[in-house]
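Reading through the C-alpha cells given below for one structure.
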Amino acid sequence: MNFMKRAFLGITRKKGKSLILLAVIFILGNLISGAIAIQQATGNVESTIKERLGTAATVDMDYKAWESMSEEEMETLEMEELGVDLIKQIGELPYVKYYDYSMTTWMGSESIEPYQEELEEDVMYGEEDNIPFSLKGINYAPVIDFEEGKGELTDGRVFTEEEIENGTSVAIISQKLAEQNNLEVGDTFTLLNAVYEYSEETGEETVLDSRDIVLEVIGLFDPQSGKEETESKEEDSDMFLMEDIDYQNTVYVPNAIISAEEQYYWEVYAEDDPEIAEMLEEETMEYYTPIFYLNNPEDIEPFEEEVTPLLPELYTVISASDQYDDISGPMESMSTLSKYVLLVAVIATVLITGLVVLLFLRDRKRELGIYLSLGEKRGKVVGQILIEVIVVAFVGITLSLFTGNLLAGQVSDTMMKADDTQEESFEGVIYYEGIETNLTAEDVMDSYEVSLNSSYVLGFYGIGLLTILISTIIPLIYIVRLNPKKILM
C-alpha cells in the first residue's frame, strides 16, 4: 500500500489520537497567531504614525543633558555654535531630500495692520501686540514650507537664488494680510525695527532707536495645514485659530535681511554697553535654526547615526518621530509582551507536540516494525508520519488563524483600556519649527487595528508549519532507530 494512503488511513482510523493532536496544535496555534497578529498590528501603527509625523529633523542643544550637568561641568564647558558650514555639510548627506536654515525675528509697522480674527468671547487676538509680524529668513529659494504643504503660493513667485544670496528687499506674505492692507504682488510695504529698553522702575518700555525696512511683495501664500484639525477638533479650535493668525502674519524674507536687522539691533545696545560692543567685535549675531527633510521615515535612524559624531558637544538630532516614543506606551507594552508570548508559544509547541507525537508512535511501535520488516524503506515510514502530523497540524493552524486573530483583538483592546496612564494629550511635545505636531496617544491607539491580511497569513503559516516540522525531529529520530527484529520477537 502506498505510504501516503497509509498516512491518511492512519488519521481517519485513529480519530481519538488525531483529535488530541489537533486540540494541542489548535490551542498552541492560538497563542502563536495572537502574538503574530499583535506584533504586526503594533508594527503597522509605528510605520503609520511615523509616516504621519513626517521626515523633518533639526539639530539643537540637548537640554536634558544640559540640565543633568553639574555646576563644575557647566563652568568648564565651552559651547560651540552650529555654523552654516556644518549645516551645509549635514544637508549634503544622501538621506536629505532638501534642507534650509533660517533666522527669525519680530517687528512692528506703522504703515500696515496685522491680520486679526475674533475668537470666542469677542476677544481680538494680537490687537495689543506692538511687534505682530514674524519675519522668517529663507535660504532655500523655493521655500520649504510650500514644498511641504504648510502653505501654498497663490499669486506671484518664490525667491530666486540671487535674491537669497544678495539679501534683496523682497518678501512673500499671506493672502489675508495682503487683502487687509490692499497689497498686491509688486507693491511695497514698510516694517519698523524698533529697539526697546525696559525700565524696571516704571515697568514701561521706551524706544531707543528704530529704522524702517521697505519690502517688495513678490508672492502671496495661503496656509494649508491645520484646516482639517480646526474642523475636527472643536475644543481646540481657538488654539488652531491662534496658530493660523500667527502664520497669516508671517513674512518670508531672505536670511540676510534679518541678519542685518539683528546686527543693527545689537549695535544700538552696544552704544551704551561696552560688553556688548566687545562681543560684537568678536562675533556676528547670526544664529540659524536648521531644518532637514529626509527622503523617507526609514532614513531618520541612519541620519542620526551619521550626524551625531559631527555635532559640537551637547548638540543632538531632533526629529518629529521622536514624539512617537513619548506617546507609544501601550503599543510598546503590547509589542514587547507579544514577543515573549510568541517565543514561549513556539518553544511550548515544539516540546508539547514533539512529546505527544512521540507517545503516539510508541503505541504504534509494532505497526511500524511490521512495515520495516516487510521491506518498507525508513524514508517512506518517516514520510508517512510527517504527512499524518502535517495534515492534522494544517487543520489546527487554519482554525487557530481566525480564532487567534479574534483573541489578539480582544486582548489588545483590554490592555489599551487598562493603560489609562497614557490617555493624556502630548500635544506640542516638540516645539521646533517644521516638526511640531498635535499627535496624541489617542491618535496612536486609533491607528491600531488587528486584521487579517496576506503578510499575516503567510507569516503565521510559515512560523506554524516550521514549528511543527521542528517538533517532529525527536519522533523521527525514534523511527530511524527502530529495529524490526527486536520489535517482532
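The values are calculated or read from the model by the stated rules, or taken from the named source; none is laboratory data. All figures in this text were calculated on a predicted structure; none of them were measured in a lab. Cβ atoms come from the backbone with ideal geometry, glycine included; neighbour counts cover every protein chain shown. Protein only, heavy atoms only, side chains kept; ligands, DNA and RNA dropped before computing areas. Shrake-Rupley method; radii C 1.70, N 1.55, O 1.52, S 1.80 Å.
Looking at this structure, is Ser210 small (Gly, Ala, Ser), without any contact (Cβ under 8 Å) to a residue 40 or more places away in the chain and surrounded by 12 or more Cβ atoms within 10 Å (Cβ to Cβ)?
Yes, satisfied.
Rundown of residues vs (1) more than 14 Å from the chain's Cα centre (by Cα); (2) under 21 Å from Leu294 (Cβ atoms), yes/no style:
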| site | (1), (2) |
| --- | --- |
| Thr55 | no, yes |
| Val59 | yes, yes |
| Ser70 | yes, no |
| Met74 | yes, no |
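Cβ-Cβ distances below 7 Å connect the following pairs, each with a first residue in region 72-88 that is surrounded by 12 or more Cβ atoms within 10 Å (Cβ to Cβ), a second residue that is of a type in the set (A, V, I, L, M), and a separation of six or more residues or different chains: Leu82/Val59; Leu86/Leu310. Here Glu229, Glu243, Glu197 are screened, and the one residue that is of a type in the set (D, E, K, R), more than 39 Å from the chain's Cα centre (by Cα) and modelled with pLDDT under 95 is Glu197. Scanning region 90-111 for residues that are more than 17 Å from Asn295 (Cα to Cα) and under 33 Å from the mean Cα position of the chain (by Cα) returns Tyr101, Ser102, Met103, Thr104, Thr105, Trp106. Enumerate the pairs (first residue in region 334-361 and more than 22 Å from Gln410 (Cβ to Cβ); second residue anywhere and open to solvent by less than 20 Å² (accessible area, probe 1.4 Å) and not in a helix (DSSP H, G or I)) with beta-carbon separation below 8 Å, excluding pairs fewer than 6 apart on the same chain, so at least 6 apart or on different chains. Qualifying pairs under 8 Å: Thr353/Thr472; Gly354/Thr472; Val357/Thr472.
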